[in-house]
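Undergrad: Below are the structure tokens for one structure; questions will follow.
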């Protein structure tokens with residue numbers, strides 16, 4: 001019958017490594033309980049910032065939470081960083097194991 | 001008309017780097033034919049383990065397979081590691097190119 | 001009522017690090033406007049290439065675009081690289097923030 005799983009939202013953010021510490025502080029303050037960060041390199045541009053990304057210093061941030069919390073975090077990122085930093089963010093529907101108590 | 005694709009399940013596991021070799025042996029023994037591992041850092045906690053994750057030594061493991069195999073692997077991880085290691089795992093629906101022989 | 005988002009396709013490619021520069025040139029030539037690359041290690045084999053992957057030198061390439069462009073890029077990779085390089089690629093449905101002008 002398959003595993004019992006629950007739907008969550010994965011928020012993935014590709015952005016500049018220079019703001020990693022600032023983003024970590026933001027997530028802590030916004031009540032995000034867990035996140036994963038990894039190094040990446042890339043090319044792209046976004047919004048009013050015309051310059052290409054730095055080729056060698058990007059990061060990927062991943063947060064798994066419920067949809068409202070993912071939207072709250074992305075709304076914050078959009079308001080605060082989208083116009084001044086190279087940033088691409090997207091939602092993916094994922095399934096996690098249902099906690100035993102359910 | 002679009003490409004011919006087939007549905008698969010992507011199992012992503014964020015966990016402690018200290019158990020990478022153990023998990024590789026598990027996957028080999030369970031018949032997992034391919035996996036990708038990358039380094040990450042993060043914060044989080046899970047299950048009965050109260051401590052926060054080590055900030056600097058995490059890994060991401062990704063396995064693409066059919067759903068039953070993904071559930072078998074995740075069931076194994078849950079039984080064996082969820083209570084003693086920081087571990088977050090989730091399923092994502094993905095599409096791969098249909099093999100030529102189909 | 002939730003954020004206004006738009007559907008996009010995430011194309012993820014796991015392949016050999018040795019062809020990173022060639023693939024970047026391909027993407028530029030094919031009009032791919034942004035991509036993210038990160039280092040990985042893995043095991044797997046694919047298609048007519050029987051050898052296992054090099055354990056230590058793989059990359060993950062991620063491109064977010066519309067579905068036709070993702071299929072165009074994957075079609076190119078399949079034709080050009082699938083028979084001679086270890087390569088696994090898959091599509092994931094994702095949501096990005098709707099641009100303000102929509």
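Undergrad: Identify all residues within segment B:77-96 that are under 15 Å from residue B:29 (Cα atoms) and under 11 Å from the mean Cα position of the chain (by Cα); write none if there are none.
TA: B:77
Undergrad: Suppose we filter segment B:13-29 for residues that are under 19 Å from residue B:64 (Cβ atoms) and more than 11 Å from chain C (Cβ to nearest Cβ); how many remain?
TA: 6
So that you can scan it fast, the table gives a plain yes or no per residue for (1) under 27 Å from residue B:67 (Cα atoms); (2) crowded, with 19+ Cβ neighbours inside 10 Å; (3) at pLDDT below 90; (4) within 14 Å of chain B (Cβ to nearest Cβ):
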{"residue": "A:6", "(1), (2), (3), (4)": "yes, no, no, yes"}
{"residue": "A:31", "(1), (2), (3), (4)": "no, no, no, yes"}
{"residue": "A:40", "(1), (2), (3), (4)": "no, yes, no, yes"}
{"residue": "A:78", "(1), (2), (3), (4)": "no, no, no, no"}
{"residue": "A:88", "(1), (2), (3), (4)": "no, yes, no, no"}
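Undergrad: Okay, moving on. Taking only pairs six or more apart or across chains, which ones have beta-carbon atoms under 7 Å, a first residue in segment B:80-92 that is under 20 Å from residue A:62 (Cβ atoms), and a second residue that is in a loop (DSSP other than H, G, I, E, B)?
TA: Once the first residue is under 20 Å from residue A:62 (Cβ atoms) and sits in segment B:80-92, its partners that are in a loop (DSSP other than H, G, I, E, B) give B:82/B:47; B:86/B:44; B:86/B:45; B:86/B:53; B:88/A:34; B:88/B:44.
The values are calculated or read from the model by the stated rules, or taken from the named source; none is laboratory data. Note that this is a predicted model, so its numbers are computed, not measured. Reconstructed Cβ throughout: ideal geometry from the backbone, glycine too, with neighbour counts over all protein chains shown.
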